[in-house]
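**Q** For reference, the structure I am asking about is given below.
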Amino acid sequence: MEFVIKISQFLLSLSLLIVLHELGHFVPAKAFKTRVEKFYLFFDVKFSLFKKKIGDTVYGIGWLPLGGYVKISGMIDESMDTEQMAKEPQPWEFRSKPAWQRLIIMLGGVTVNFVLAILIYIGMSYFYGDQFLPNENIKDGLLIESTVANKAGLLTGDKILKVDDFKIQNYSEISEKVLFGKNITIERDGAQSTVTLPEDFLSQLIDSKEKRFINLREPFIIVEVPDTSFNKNSGLRKGDMVVAINDHKTRYADEVKLELERFKGQEVKAKVIRDNSELNVPLKISEEAKLGLVYAVSSTPKTLEALGYYNFDTKKYGFLESFPVGLTKAKDKLVSYWEQLGAIFTPSTGAYKGVGGFKAIFDIFPNVWSWQAFWGITAFLSIMLAVLNLLPIPALDGGHVMFLLYEMISGRKPGDKFMEYAQMVGFFILIALVLFANGNDIYKAIFD
């Protein structure tokens, strides 16, 4: 069932983005009286799941869910329709239109993507508001379990105050900023210092295959005491919170783990909180420093706040207030993704190792249906799609824009043969990038 929920969200988001992107090309093309031969969701290699011709345009759904397209008459695109291009230009063809009209048609898709992201962020701000954890409310620092981060100088209990020149305001900003940052200003034991990360820090993280990086420190709450556990008769119950071992206070789960290492192979007295009361429970610790039970690794903000660990802030926005808030969120996501892209194209960072394809996108959707998560992911993917489409690769919108700008500045239009060859080169580059990204997914699935 979880797979069905994830794949449904994935396909719905992908379909929405594709249709609206292609609509961004379709509408101005029609407005400038340019013939659109096909409007397709997904690719119709050999056959279509559905198609219907209305006027000059065939509308359809292909069977290969890797994208979509509009086929505009008189345009050298991925269809490589050289037979049509060999004929005399017709007034209703793309190539016969003024350069400024062709530029608007080509920029239509990415424009819609940017506008869509902004509208989603505005809508989310209005309907959901923002729940966030101010950085100042993280009193005892962060949980930093990554051995790579520890080696670089970041330790559990550190408070991260700044990344380069960016002052951290909220917990949600920390991980992303650190991943692509250099100089990390921390507070440890009341003193401030700077940790300088190695240039290949991101590469080391990816190679380590560690799942956890920077998280909130959380209490040690029992989720299950299995019947096979050597502590099944200890008296522990689901919901018990371990707060001390042998009179050593353990406010956080990471502190419990340290005590388990310290007393492994021994019997200890644990203090737990149950229904607002304190109880002493005898526990056995294995030679592997385990208790043989299941504890919570990710509590909800509501639970953490109720237990007195963190104070989250919630901010609601009025209808008019949501507009500048949504615009700012879209801008911040755009800047963030641009920085990530810059890191990917800088080989020394090793960020290219983390590039993923369709499986990576599929994996970011939650296992349960959440409209809030769905719209947030869709907004980010819309920005990502717009930015990637603007790359100056001939097979992408950005490649067409590049040649159109050259034509408008120089007054010389690139020849059809040149455009045909450029499109072929761009197509092979694009295929190589798709294979690389999805190859990364396959490699991780097999070896991680």
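The values are calculated or read from the model by the stated rules, or taken from the named source; none is laboratory data. Because the structure is predicted, anything quoted here is derived from the model rather than measured. Here the Cβ positions follow ideal geometry from the backbone for every residue, glycine too, while neighbour counts run over all protein chains shown. To get the accessible areas, we keep the full protein, side chains included, count just its heavy atoms, and leave off ligands, DNA and RNA. Shrake-Rupley method; radii C 1.70, N 1.55, O 1.52, S 1.80 Å.
**Q** If the Cβ limit is 6 Å and pairs must be 6+ apart or interchain, which residue in region 280-297 that is more than 15 Å from residue 268 (Cα to Cα) and free of Cβ contacts under 8 Å to residues at least 60 places away in the same chain pairs with which residue that is surrounded by 14 or more Cβ atoms within 10 Å (Cβ to Cβ) and among the acidic types (Asp, Glu)?
**A** From region 280-297, no pairs qualify.
**Q** Kindly establish whether residue 327 is surrounded by 14 or more Cβ atoms within 10 Å (Cβ to Cβ), of a type outside the set (Gly, Ala, Ser) and under 26 Å from residue 380 (Cα atoms).
**A** Yes; evaluated as a whole, the condition is true for this residue.
**Q** Is there a residue being in a loop (DSSP other than H, G, I, E, B), open to solvent by less than 90 Å² (accessible area, probe 1.4 Å) and over 14 Å from residue 286 (Cβ atoms) anywhere in region 257-269?
**A** So far as region 257-269 goes, no, none of its residues is in a loop (DSSP other than H, G, I, E, B), open to solvent by less than 90 Å² (accessible area, probe 1.4 Å) and over 14 Å from residue 286 (Cβ atoms).
**Q** Here is a check on your reading of the model: is residue 399 surrounded by fewer than 14 Cβ atoms within 10 Å (Cβ to Cβ) and modelled with pLDDT under 95?
**A** When the stated conditions are applied, residue 399 does not pass them.
**Q** Checking the condition without any contact (Cβ under 8 Å) to a residue 60 or more places away in the chain and within 19 Å of residue 36 (Cβ to Cβ), which residue from 70, 110, 163, 115 passes?
**A** 70
**Q** Just checking, how many residues over region 411-438 are under 23 Å from residue 353 (Cβ atoms) and loosely packed, with under 14 Cβ neighbours inside 10 Å?
**A** 5
**Q** Just one of 199, 218, 187 is surrounded by fewer than 19 Cβ atoms within 10 Å (Cβ to Cβ), in contact with a helix residue (DSSP H, G or I) (Cβ under 6 Å, 6 or more places away or on another chain) and under 20 Å from residue 147 (Cα atoms); which is it?
**A** Result: 199 is the single residue among 199, 218, 187 that is surrounded by fewer than 19 Cβ atoms within 10 Å (Cβ to Cβ), in contact with a helix residue (DSSP H, G or I) (Cβ under 6 Å, 6 or more places away or on another chain) and under 20 Å from residue 147 (Cα atoms).
**Q** Let me ask something additional. Would you tally the residues in region 295-354 being of a type in the set (Val, Ile, Thr), out of contact with any strand residue (DSSP E or B) (no Cβ under 9 Å at 6 or more places or on another chain) and outside any loop (DSSP other than H, G, I, E, B)?
**A** Counting residues in region 295-354 that are of a type in the set (Val, Ile, Thr), out of contact with any strand residue (DSSP E or B) (no Cβ under 9 Å at 6 or more places or on another chain) and outside any loop (DSSP other than H, G, I, E, B) gives 4.
**Q** Could you list, in sequence order, all residues of region 118-156 that are open to solvent by 30 Å² or more (accessible area, probe 1.4 Å), touching a residue at least 24 places away in the same chain (Cβ under 8 Å) and of a type in the set (Phe, Trp, Tyr)?
**A** Matches in region 118-156: 126, 128, 132.
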